[in-house]
1. Among the residues of segment 291-331, what is the count of those that are in a helix (DSSP H, G or I) and either over 23 Å from Val253 (Cβ atoms) or not charged (D, E, K, R) (or both)?
2. Give the number of residues within segment 53-89 that are part of a loop (DSSP other than H, G, I, E, B) and more than 17 Å from Asp102 (Cβ to Cβ).
3. Determine the pairs where a residue that is of a type in the set (Val, Ile, Thr), located within segment 297-322, has a partner that is open to solvent by 30 Å² or more (accessible area, probe 1.4 Å) with Cβ atoms under 8 Å apart, the partner being 6 or more residues away or on another chain.
4. Looking only at segment 39-83, which residues are modelled with pLDDT under 80, farther than 23 Å from Glu113 by Cα and not charged (D, E, K, R)?
5. Take the residues of segment 348-360 that are open to solvent by 30 Å² or more (accessible area, probe 1.4 Å) and of a type in the set (A, V, I, L, M): which is modelled with the highest pLDDT?
6. Is one or more of the residues making up segment 277-288 in a helix (DSSP H, G or I) and among the aliphatic types (A, V, I, L, M)?
7. Could you tell me which of the residues Ser173, Ser157, Ser123, Ser92 is out of contact with any strand residue (DSSP E or B) (no Cβ under 8 Å at 6 or more places or on another chain) and surrounded by fewer than 22 Cβ atoms within 10 Å (Cβ to Cβ)?
8. Just to be sure, is Ser383 at pLDDT 80 or above and either open to solvent by 20 Å² or more (accessible area, probe 1.4 Å) or in contact with a Gly (Cβ under 7 Å, 6 or more places away or on another chain) (or both)?
Amino acid sequence: MFRIAGSRRRLYCYSSSSSSFFSPWLQNLSATFSTGLLHLSLSPTESHYSQDYHRLLCILEACKVSPNLRTIAGAHTNIIKLGYGMYPSLISLMVVTYASCDRLNLARQLLVEIPTEYFDAVSANLMIARFMKMGAVDVAKMIFNEVPLRDLVTWNSLIGGYVKNDMCKEALSVFRKMLRSNVEPDGYTFASIITACAKLGAIDHAKWVLHLMTERRIELNYILSSALIDMYSKCGRIEIARGIFDSVERTNVSVWNAMINGLGIHGLALDAIEIFSLMEPENVSPDSITFIGLLTACSHCGLVEEGQKYFQLMKSLYLIQPQLEHYGTMVDLLGRAGLLDEAYTVIKEMPIEPDAVIWRTFLSACRIHKNSEMGEVASTKISHLGSGDYVLLSNIYCSTKKWDNAEKVRCLMKWKGVRKNSGKSWVEVGNVVHQFKAGDRSHPEAELINRTLKELFHRTKLEGFSSTTELVLMDISDEEKEENLSYHSEKLALAYGILKSSPGTRIQVSKNLRTCPDCHSWMKMVAKVLNREIIVRDRIRFHHFADGYCSCGDYW
């Protein structure tokens with residue numbers, strides 16, 4: 001028996017003649033599954049290690065696709081018996097396979113048992129990518145922190161994983177660490193970082209990233225061009241996005257899709273339609289994603305006839321079979337316009353089964369137009385109601401003053417342990433992204449923020465603003481409702497942006513949920529009172545506030 005000791009880990013390897021020896025946790029696992037261990041026809045005295053090695057690889061690869069804990073345990077036992085405990089490819093695959101079987105505790109234990117210095121970069125990269133894909137960010141980070149050799153792919157795997165798990169601030173932090181480590185980023189790195197900036201709506205970070213790309217002479221391909229257009233669109237700078245679109249090569253449809261979608265979320269449907277009309281002269285064929293962007297643009301602006309025309313054009317001229325996403329945009333288009341019967345007909349006549357997203361879209365339209373009867377129909381079609389569904393239904397009842405029904409929904413949420421999703425907003429100040437929750441008082445400058453907010457409320461009331469209290473989920477006094485609305489996350493973020501910026505400068509706030517009618521009305525008034533441009537990006541679209549008006553025309 002050979003024993004190799006790590007600093008705080010141990011790895012046991014075996015010669016063919018050694019007696020079996022397991023670390024305690026593996027002994028327990030082996031005992032648990034001893035009656036059903038996979039018989040590999042392998043023997044400790046067998047000399048064909050190469051054949052055994054490849055057979056074990058195949059078994060573990062198969063278990064990743066179709067997890068079977070009994071088989072995995074048997075394979076693990078044979079890895080130890082046959083002396084493969086120092087093979088990084090097998091052990092890293094073993095870790096990933098346990099994770100695929102939803103046994104993250106076993107995967108973590110195996111990582112603790114094995115000295116990470118035995119993992120090469122390829123094995124570490126495989127594990128980081130896999131754990132990030134599963135959402136096990138803490139495990140991926142642990143592997144990254146302890147693996148001795150990191151290559152470019154290792155950094156890209158961690159950064160890209162953070163972005164995919166919506167941990168964009170962490171991705172930017174790792175990217176800065178990567179630059180300090182003198183590892184040169186490539187196109188894949190920048191594609192991930194551009195996406196992080198887009199998700200955050202962080203324009204200062206976006207400009208910094210573009211400067212780095214120019215400095216390092218990163219060649220723009222269609223992936224990076226599309227990402228840059230998307231980034232500037234989502235950072236509220238649609239004019240810069242259009243400039244990039246006009247200057248880059250546009251032979252790939254994804255570049256067109258990024259521009260059409262960017263114009264759509266800014267409520268510029270006619271511009272999106274104009275871009276679409278240029279595709280044919282430039283010999284670029286639209287795909288299914290093109291039409292999702294086009295239909296969404298029409299939906300945001302209430303262009304019902306145009307949306308219906310392009311939906312039919314997609315099928316008849318381009319022979320693109322509508323998918324769930326296309327039907328969802330049609331339901332949204334009709335529902336927003338108040339054509340609830342037509343939207344319901346689209347759902348009923350779909351050739352494919354409508355999913356929960358489509359019913360939620362319809363439920364949202366019912367909330368906008370205060371139709372509690374159809375809202376109830378939609379809610380019954382969603383098999384597992386989430387917090388947003390309950391809130392939408394409760395909002396419908398509140399807006400129609402059916403307080404008893406609203407209270408029943410709230411009691412049902414409490415009984416099922418469903419909690420309302422917390423509103424979060426963020427604003428970029430001095431190259432730092434500051435995040436706020438509804439009612440948040442944890443910010444170091446909370447006292448100044450509240451003072452600024454109170455001053456803004458005072459000034460907007462003098463101009464005639466009154467709170468929109470109808471959608472507060474409680475049958476309480478108007479004063480209490482107004483207090484409840486006063487500390488929504490986007491109001492806190494805006495107050496901080498005003499506190500930290502110069503008069504006349506543009507302020508941009510991003511939010512994870514749809515902005516409420518009260519905040520929307522208040523933002524219009526603040527923009528007028530302060531004579532400033534305010535941009536709010538919510539979950540649905542952009543709102544550009546100026547002179548007491550919003551670019552959405554109060555249609556969102």
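The values are calculated or read from the model by the stated rules, or taken from the named source; none is laboratory data. Because the structure is predicted, anything quoted here is derived from the model rather than measured. Cβ atoms come from the backbone with ideal geometry, glycine included; neighbour counts cover every protein chain shown. Just so you know, the surface numbers come from the protein's heavy atoms only, side chains and all, with ligands and any DNA or RNA stripped out. Shrake-Rupley method; radii C 1.70, N 1.55, O 1.52, S 1.80 Å.
1. 28
2. Residues that pass the stated criteria total 6.
3. Close Cβ pairs satisfying both conditions: Val304/Ala337; Val304/Leu339; Ile320/Asp287; Ile320/Ser288.
4. His39, Leu40, Ser41, Leu42, Ser43, Thr45, Ser47, His48, Tyr49, Ser50, Val65, Ser66
5. For segment 348-360, the residue satisfying everything is Ile352.
6. no
7. On the way: Ser157 fails: surrounded by fewer than 22 Cβ atoms within 10 Å (Cβ to Cβ); Ser123 fails: surrounded by fewer than 22 Cβ atoms within 10 Å (Cβ to Cβ); Ser92 fails: surrounded by fewer than 22 Cβ atoms within 10 Å (Cβ to Cβ).
Result: Ser173 is the single residue among Ser173, Ser157, Ser123, Ser92 that is out of contact with any strand residue (DSSP E or B) (no Cβ under 8 Å at 6 or more places or on another chain) and surrounded by fewer than 22 Cβ atoms within 10 Å (Cβ to Cβ).
8. Taking the combined requirement at face value, the residue does not satisfy it.
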